[in-house]
1. Taking the conditions exactly as written (in contact with a strand residue (DSSP E or B) (Cβ under 7 Å, 6 or more places away or on another chain), closer than 21 Å to residue 367 by Cα and at pLDDT below 95), does residue 178 satisfy them or not?
2. Within the bounds of the stretch 28-49, is there any residue that is in a helix (DSSP H, G or I), touching a strand residue (DSSP E or B) at 6+ places or on another chain (Cβ under 6 Å) and either outside the structural domain of residue 155 (by TED's automatic domain parsing) or more than 27 Å from residue 379 (Cα to Cα) (or both)?
3. When you scan the stretch 116-165, how many residues do you find that are in contact with a strand residue (DSSP E or B) (Cβ under 6 Å, 6 or more places away or on another chain) and within 18 Å of residue 63 (Cα to Cα)?
4. So, of the residues in the stretch 25-53 that are farther than 18 Å from residue 122 by Cα and under 24 Å from the mean Cα position of the chain (by Cα), which turns out to be surrounded by the most Cβ atoms within 10 Å (Cβ to Cβ)?
5. Please determine whether any residue of the stretch 261-272 is modelled with pLDDT of 95 or more, under 30 Å from residue 142 (Cα atoms) and outside the structural domain of residue 368 (by TED's automatic domain parsing).
6. Among the residues of the stretch 86-105, is there at least one that is farther than 22 Å from residue 388 by Cα and out of contact with any helix residue (DSSP H, G or I) (no Cβ under 9 Å at 6 or more places or on another chain)?
7. Given the structure, is residue 184 assigned by TED's automatic domain parsing to the domain that holds residue 383, farther than 30 Å from residue 397 by Cα and surrounded by 16 or more Cβ atoms within 10 Å (Cβ to Cβ)?
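The values are calculated or read from the model by the stated rules, or taken from the named source; none is laboratory data. Owing to the predicted nature of the structure, the values given are computational and were not obtained by experimental measurement. Using ideal geometry, Cβ is built from the backbone for each residue, glycine included, and neighbour counts are taken over all protein chains shown.
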């Protein structure tokens with residue numbers, strides 16, 4: 001393999017994606033099932049056809065790339081996603097899809113008899129509909145069609161509305177005969193960067209539990225309402241925000257984290273006591289008991305805060321999933337492949353959710369992390385080294401060779 005030509009190959013593919021969803025600040029916005037994500041999948045199809053590959057789209061809009069008209073009784077899947085968070089980075093998800101194309105190109109170039117398809121899943125990020133890994137969840141059966149009408153984007157469109165607009169099916173075909181699923185992804189944290197390691201072999205994936213807290217205070221004049229008479233929804237929200245941080249810190253010894261990522265306040269004007277606040281709360285980790293302790297503490301202490309302040313509230317679950325342990329045989333095979341190639345690696349959990357956690361419901365799943373500069377992700381300054389994409393891809397190819405013996 002010629003690393004220089006492989007870098008040129010990957011760079012040329014990144015350049016094709018570069019303009020889609022570009023923001024003036026240097027990042028990208030490619031929301032799931034939105035026009036920019038559609039363009040990303042169309043570009044993937046153009047690129048793949050130009051390389052002599054065949055592209056198929058399933059009934060949820062996920063794209064699959066294979067070599068010619070090859071019909072496989074069973075096959076491996078490599079891939080990731082092409083959507084982004086608002087003003088996000090260019091490497092999140094895209095690295096994994098292009099790694100898959102690189103591996104597929106090697107298989108074709110060297111005439112290897114390995115049955116492989118590359119997948120680009122739709123709507124992996126939760127930014128669009130408040131739920132992550134939608135495309136892979138639909139293809140593995142972990143979302144029911146009844147849920148699609150409840151998931152809505154910022155424009156008030158339900159996912160069911162979007163599916164009807166694009167001609168997708170709320171009951172997509174669930175993948176069959178998949179041997180395994182391997183996903184290369186930027187780490188999105190600082191572990192590899194701080195350790196100076198090239199590769200992370202992922203052992204488990206933290207599961208997100210997401211909630212919406214609606215705080216129903218009373219909207220009053222900010223000058224005419226004495227402090228002791230107020231039911232200030234924003235002040236109550238401030239206590240909850242601090243509570244979430246406190247609970248997350250307490251359980252951090254178990255690798256659990258807790259975040260308030262959304263604040264919506266009404267009427268949001270200077271001279272009015274806030275009457276309503278919506279908080280979006282994200283709790284995740286790899287220890288189910290630890291996650292439950294955060295949730296129990298959140299419910300109990302939120303109730304105490306609201307009772308003390310005389311404020312009503314609504315606590316709603318948006319989505320919930322359990323931590324996923326990746327397949328041990330896949331982990332060991334990836335480790336052997338890395339050792340054979342003399343590539344340094346470390347075993348590590350993933351704090352972020354990925355499509356691999358959904359694929360683990362139907363097949364053996366594994367993940368490879370590559371470092372991102374200073375651990376920055378979901379950020380316009382996100383940056384990864386294409387040489388690391390190539391190293392991770394070589395491990396995947398070596399793994400596939402071993403599995404095909």
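1. Working: in contact with a strand residue (DSSP E or B) (Cβ under 7 Å, 6 or more places away or on another chain): yes; closer than 21 Å to residue 367 by Cα: yes; at pLDDT below 95: no.
No, not satisfied.
2. Looking only at the stretch 28-49, we keep the residues that are in a helix (DSSP H, G or I), and these are 35-49.
Imposing the further condition that a residue be touching a strand residue (DSSP E or B) at 6+ places or on another chain (Cβ under 6 Å) reduces the set to 41, 44-45, 48.
Now narrow it down to the ones that are either outside the structural domain of residue 155 (by TED's automatic domain parsing) or more than 27 Å from residue 379 (Cα to Cα) (or both): 48.
Yes, some residue in the stretch 28-49 is in a helix (DSSP H, G or I), touching a strand residue (DSSP E or B) at 6+ places or on another chain (Cβ under 6 Å) and either outside the structural domain of residue 155 (by TED's automatic domain parsing) or more than 27 Å from residue 379 (Cα to Cα) (or both).
3. Going residue by residue through the stretch 116-165, those that are in contact with a strand residue (DSSP E or B) (Cβ under 6 Å, 6 or more places away or on another chain) are 116-121, 124, 130-131, 135-136, 149, 152, 158.
Among the residues that remain, those that are also within 18 Å of residue 63 (Cα to Cα) are: 116-121, 124, 135-136.
Residues meeting the conditions: 9.
4. Taking the stretch 25-53 and keeping what is farther than 18 Å from residue 122 by Cα, we get 25-27, 49-53.
Okay, now just the ones that are also under 24 Å from the mean Cα position of the chain (by Cα), so 25-27.
Values: 25: 9, 26: 12, 27: 20.
Top of the filtered list is 27.
5. Our first condition is that a residue be modelled with pLDDT of 95 or more; within the stretch 261-272, this holds for 263-272.
So of that shortlist, the ones also under 30 Å from residue 142 (Cα atoms) come out as 263-264.
Retained after the next criterion (residues that are outside the structural domain of residue 368 (by TED's automatic domain parsing)): 263-264.
The answer is yes; a qualifying residue exists.
6. Here is the first cut: in the stretch 86-105, the ones farther than 22 Å from residue 388 by Cα are 86-87.
Those left that are additionally out of contact with any helix residue (DSSP H, G or I) (no Cβ under 9 Å at 6 or more places or on another chain): 86-87.
Yes, the conditions are met somewhere in the stretch 86-105.
7. Details: assigned by TED's automatic domain parsing to the domain that holds residue 383: yes; farther than 30 Å from residue 397 by Cα: no; surrounded by 16 or more Cβ atoms within 10 Å (Cβ to Cβ): yes.
Here the answer is no, as residue 184 does not meet what is asked.
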